[in-house]
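Bear in mind that the values in this text are calculations on the coordinates, not laboratory data. These numbers come from a predicted model, not from an experiment. Neighbour counts run over all protein chains shown; Cβ positions are idealised from the backbone, glycine included.
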Amino acid sequence: MASFVPPPDAVRLVNAAHTLTVWMSPAGCPLHVSVAPSLLRRGGAAVAGEVLRLCEPTR
């Protein structure tokens with residue numbers, strides 16, 4: 001898998017537990033999401049909830 005190189009104007013968001021990183025465009029669209037195995041083990045609903053909580057202030 002190729003590594004992600006964010007555009008210069010992208011914003012990096014990290015949750016408090018450091019289990020989720022989302023790179024956002026200036027328009028508020030997620031460009032890339034990195035999820036730690038510990039969060040993945042909690043299931044898809046937990047991951048989706050974390051993404052929504054993390055990205056909510058940017059909308």
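Which residue, chosen from 37, 25, 2, occupies the Cα position most advanced towards the positive end of the dipole of the chain, where the dipole is computed from +1 (Lys, Arg) and -1 (Asp, Glu) charges on Cβ about the Cα centre? My answer, from the dipole projection, is 37.
With the convex hull constructed from alpha-carbon coordinates only, the chain shows a mean projected area of 4.3 nm² over all directions.
To the nearest ten degrees, helix 44-55 and the longest principal axis of the Cα atoms of the chain are 40 degrees apart.
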